[in-house]
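Trainee: First the structure, then my questions, so here it is.
The values are calculated or read from the model by the stated rules, or taken from the named source; none is laboratory data. Predicted, not measured: the structure shown is a model, and the values here were computed from it. With ideal geometry, Cβ positions are generated from the backbone for all residues, glycine too; neighbour counts draw on all protein chains shown.
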């Protein structure tokens, strides 16, 4: 260190001669301590390994596990070949097959409205709902009837004149014939000298006059016939006018065309209604239908088996009760729904019970399915990979290929070749496979090949799963 001025301290610049002698013993002691610790660690490790091997060598041998085959308890059904049909469930909406808008066919002031004519009320066929003032239309009927009577009277006069003219023509024809006979006789007498030429000329003039009279009568008859035709046309025209006036008079009473439910009312008492003005809307309560959608594949199946007149059952749940109405498929929508690819069907509902429904109600629709002859009905749990099931054959599982024909809820309609006496396994097993030992629930298990008492029985050790004989 440097000397600090004024501090009175002088730093020593020389090292102490005793310092190296002190550091050497300390280094030697640290090395010995490290070697001792390492030796202790190695000794502990060796002792631990020795103890582990000794414990393993002295451990008693584990008992041998008995390789015994496991037998599964299953439920079965007997195969019953019969005709089976599945029901198709869909959801639809009720609509009215017949809805009309009542319009006033005549103009006038509303005199009366039926007290039963209200939105939501039921009206019967023929009920008068609205009365329009009939005064003007009654007068039109009176005038039309007078016109018809006048035309009929004129026709009667023309027909009478026609009949008289026909009688006159008959008389004129007879007079002409007589004059012609006299003329021929005079000409015969003239050749023999018994008559003069003047007589012949006179009689010829008479024939000419009578011919002219006959022609005039016939001309009059044509005129009278035309007059009759005109009067007949006038009667027809007057009759049409009368019918139109009577219809207008009848239309002053607006009646219900069928028994139905009023959905709208657009008229009030003392108001003026114009011709063709809408006064109400009514749908027929006995003509309801339900529209529902099925997939294109289901539609194709139903069409092959007969689509129209196929039975359906419509149900609607209200609280704890379910209302059921029968019906039949009547028609198909003209187009396929582009969004879903489904086909909309329409079923007409039977009138019995249909009064419980209203248009717009959402319902469940159950359609009578296709009938499959000589098929089996099995639960879904019996089917594996949608192409096979298992039967019991000599106490073991045996696979049988199946063809799925249809589905009915949790039941599947299949066709399969199952030998007589074999039973179908309905219990779902994760270890299912060809040759797995099984026993029917409720039936006594036969003693196995090892002579034991079955899994878990007396004398039975741990159980392992085996497949096949001796597995």
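Trainee: Counting only residues that are over 24 Å from the mean Cα position of the chain (by Cα) and not in a strand (DSSP E or B), how many does the range 407-418 have?
Mentor: 2
Trainee: Is it true that some residue in the range 243-264 is over 30 Å from residue 116 (Cβ atoms) and buried (at least 17 other Cβ atoms within 10 Å of the Cβ)?
Mentor: no
Trainee: Would you be able to say whether some residue in the range 46-69 is at pLDDT 85 or above and not in a helix (DSSP H, G or I)?
Mentor: no
Trainee: Identify, from the list 333, 347, the residue that is over 23 Å from residue 119 (Cβ atoms), surrounded by fewer than 18 Cβ atoms within 10 Å (Cβ to Cβ) and modelled with pLDDT of 90 or more. Can you show your working first?
Mentor: Values: 347 fails: surrounded by fewer than 18 Cβ atoms within 10 Å (Cβ to Cβ).
Sole residue among the options that is over 23 Å from residue 119 (Cβ atoms), surrounded by fewer than 18 Cβ atoms within 10 Å (Cβ to Cβ) and modelled with pLDDT of 90 or more: 333.
Trainee: Kindly indicate whether residue 370 is touching a helix residue (DSSP H, G or I) at 6+ places or on another chain (Cβ under 7 Å) and surrounded by 14 or more Cβ atoms within 10 Å (Cβ to Cβ). Lay out the reasoning, then the answer.
Mentor: Working: touching a helix residue (DSSP H, G or I) at 6+ places or on another chain (Cβ under 7 Å): yes; surrounded by 14 or more Cβ atoms within 10 Å (Cβ to Cβ): yes.
Criteria met by residue 370.
Trainee: Among the numbered criteria (1) surrounded by fewer than 12 Cβ atoms within 10 Å (Cβ to Cβ); (2) at pLDDT below 90; (3) outside any loop (DSSP other than H, G, I, E, B), which one does residue 421 miss?
Mentor: Single failed check for residue 421: (3).
Trainee: Within the range 223-323, considering only strands (runs of 3 or more DSSP E) that don't extend past its boundaries, which have at least 3 residues that are within 24 Å of residue 124 (Cα to Cα) and within 42 Å of the chain's Cα centre (by Cα)? Spell out how you get there, then give the answer.
Mentor: On the way: elements: 253-255, 260-265, 277-284, 288-294, 311-318.
Passing ranges, in order: 253-255, 260-265, 277-284, 288-294.
Trainee: Would you point out which residue out of 184, 125, 160 is in a helix (DSSP H, G or I) and modelled with pLDDT of 90 or more? Before you say what the answer is, go through the steps one by one.
Mentor: Numbers: 184 fails: modelled with pLDDT of 90 or more; 125 fails: in a helix (DSSP H, G or I).
Going through 184, 125, 160 in turn, the sole match is 160.
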